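Trainee: Structure below; questions to follow.
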Amino acid sequence: MPWRLGGLTTRGRCLLAAGVAAGLCAVLVDERDLLRVAAFVIVLPLLASIVVGRTQVSLQADRELVPPRVAAGGVCQARLTLRGSGRLGGRLLLEDMVPEALGGAQRAVVARLPQDQAVQLIYPVHPLERRVHSLGPLVARITDPLGLAEYKRTLAGHSRLIVIPAVAPLTGIISGGEAGTGEAGGERVGLGQSQDATVVRSYRQGDDLRKVHWRTSARRDELMVRVEEWSERGGATVLLDHRTAAHRGKGAASSLEYAVSLAASVYLHLRQRGQRVRLVTADGLVQASGAEHAAQIALDALAALHPTEQRDLASASAMASGQEVIAVLGAIDAVAVDQLLAHRPRGLRSHALLLDVAAWASGGHGRQAVDPARPAQLLAAAGWSVAFARPEQSPSSVWGQLCRSSGSGPRVPR
């Protein structure tokens, strides 16, 4: 079988060139010993190319990711199953192309292929940042022991690994509005034998005075409002601010990744408590609603979410939904606060989880962080419950802070 120069590696080509040069010198100076050495150096890479080229191997490979969906910071296994038949005339080198964020390319050497049996290779993958990663292709290289000749082929294509945001378990429920209906935020009172029970709760700033339940207010000596209309609408909207200008830091330690993880935790927590929940991003897109398998849809959407370069907070679809809003916000100013309040119906309390993004701006990456105190005061004055989040705080502690804030009326936590 004829050899092909295309199968020579850089080492083989250099050795062949050196042999040719040595042969020319030997002829010019009439040195027979040097000519013998030159002939050996020329024949060696050609012989390696012929041997490797004559290797008759039928190779097949599959890649399986276990599990195919993993949370950021978790562990996944990539399992390569290699099947082959025929004669292996050199070394079989396998290289699986893996993104640098997952550890870089993985390599292995197979000395021989057992007949009618599969060889399984396993390597771990440690994803630290949520993203949809693509692994592959898997390339096989057959080389001679000296690495002078090489032939390669692709055995397996690409596999998708979905790295969802880390979700923290939360406890408690916010009170004073939609998300708290049915919990400690309200009580049922009878209106008469022929009327259904009505859910009432304490009056909060911003509530519609037309919904005051005067009989219960007189009995308890405090203003109480009806929330049965809210129960009929039901549900809550989790608004995630993913604007590039609203966040600081890079990679897995950025404020954006914290916000995504916090929003995912809130969304799943409310769903687990029987609430109808929507997940809306700052560009106004509904990432998930109350449909079947919505939790998985939401996490997959967050895994593939990229920050948006838009400057405005396009929150109209979230604010005008008639649902309680829980906003996970980065750096916002008075303009963004006005955008949040512009579409909000009267009589519905809302809640804000404000990230103190200056705490994520270590090293100073160029954008000046906005002090969250002033926006928090504006939101609280409009009847919103507000809680702050810093990188050293867990999502559960931030959520607990918001629950306490909503239960004690609108205020800015110190």
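Trainee: Ignoring ligands and nucleic acids, what accessible area does Met224 show with a 1.4 Å probe (Å², nearest 10)?
Mentor: 0 Å²
Trainee: Grab the beta carbon distance between Ala111 and Lys250, set R0 = 25 Å, and tell me the FRET efficiency rounded to 0.05.
Mentor: For R0 = 25 Å, the calculated efficiency reads 0.05.
Trainee: Students often check this: by mean Cβ neighbours within 10 Å, which of 154-162, 348-356, 142-150 ranks highest, and how do the rest follow?
Mentor: Highest mean packing first, the order is 348-356, 142-150, 154-162.
Trainee: For segment 32-94, report the % of Cα-Cα distances exceeding 20 Å.
Mentor: That tail contains 58 percent of the Cα-Cα pairs.
Trainee: If you don't mind, another one. In what sequence, highest mean first, do 57-69, 250-262 appear when ranked by Cβ atoms within 10 angstrom?
Mentor: 250-262, 57-69
Trainee: Taking a probe of 1.4 angstrom, what is the accessible area of Thr55 in Å², to the nearest 10?
Mentor: Number for this one is 20 Å².
Trainee: For segment 139-153, in order, what is each residue's ³J(HN,Hα) by Karplus, 6.51 cos²θ - 1.76 cosθ + 1.60 with θ = phi - 60°, in whole Hz (x at glycine and Pro)?
Mentor: These are the phi-based 3J(HN,Hα) values: 10, 9, 10, 9, 10, 7, x, 8, x, 8, 9, 8, 10, 10, 8 Hz.
Trainee: Which cross-chain or sequence-distant (5 or more) residues have an amide H under 5 Å from the amide H of Ala282, H modelled 1.01 Å from N in plane?
Mentor: Here Leu240, His242 satisfy the definition.
Trainee: Right, next: Mind jotting down a quarter of the surface of the convex hull over the alpha carbons of segment 82-159, in square nanometres, one decimal?
Mentor: 5.7 nm²
Trainee: Work out from phi, with θ = phi - 60° and the Karplus expression 6.51 cos²θ - 1.76 cosθ + 1.60, the ³J(HN,Hα) of each residue of segment 390-399, listed in order in whole Hz, and give x for Gly and Pro.
Mentor: 10, x, 7, 8, 7, x, 5, 6, 5, 5
Trainee: Residue by residue, what Karplus-based ³J(HN,Hα) values in Hz, rounded to whole numbers, does segment 36-48 have, using 6.51, -1.76 and 1.60 with θ = phi - 60° and x for Gly and Pro?
Mentor: Coupling constants for segment 36-48: 5, 4, 5, 5, 5, 5, 6, 5, 4, x, 5, 5, 4 Hz.
Trainee: Would you mind checking which residues have amide H under 5 Å from Ala71's amide H? H placed 1.01 Å from N; only 5 or more apart, or other chain.
Mentor: Distant-sequence amide H within range of Ala71: Ile164.
Trainee: For Ser85 and Cys14, FRET efficiency with R0 = 41 Å and r from the beta-carbon atoms, rounded to 0.05?
Mentor: Using R0 = 41 Å, I get an efficiency of 0.75.
Trainee: Let me ask you something else. Using amide H atoms built 1.01 Å from N in the peptide plane, name the residues 5+ places from Glu150, or on other chains, whose amide H lies under 5 Å from its own.
Mentor: Distant-sequence amide H within range of Glu150: Leu8, Thr9.
Trainee: Related question: With all protein chains present and a 1.4 Å probe, how do Arg226, Arg273 order by accessible area, largest first?
Mentor: Order by accessible area, largest first: Arg273, Arg226.
Trainee: Gain in length, Thr171 to Arg276, computed as 0.36 nm per residue apart minus the alpha-carbon separation, to one decimal in nm?
Mentor: Residue separation times 0.36 nm, minus the Cα-Cα distance, leaves 36.0 nm.
Trainee: For segment 1-156, just the Cα set please: Rg and Dmax, both in angstrom.
Mentor: Both quantities, over Cα of segment 1-156: 20.8, 71 Å.
The values are calculated or read from the model by the stated rules, or taken from the named source; none is laboratory data. Computed from a predicted model, the values in this text were never measured in an experiment. All Cβ positions, glycine included, derive from the backbone under ideal geometry; neighbour counts span all protein chains shown. Each accessible area value is taken on the protein alone, full model and side chains, heavy atoms only, with ligands, DNA and RNA left out. Shrake-Rupley method; radii C 1.70, N 1.55, O 1.52, S 1.80 Å.
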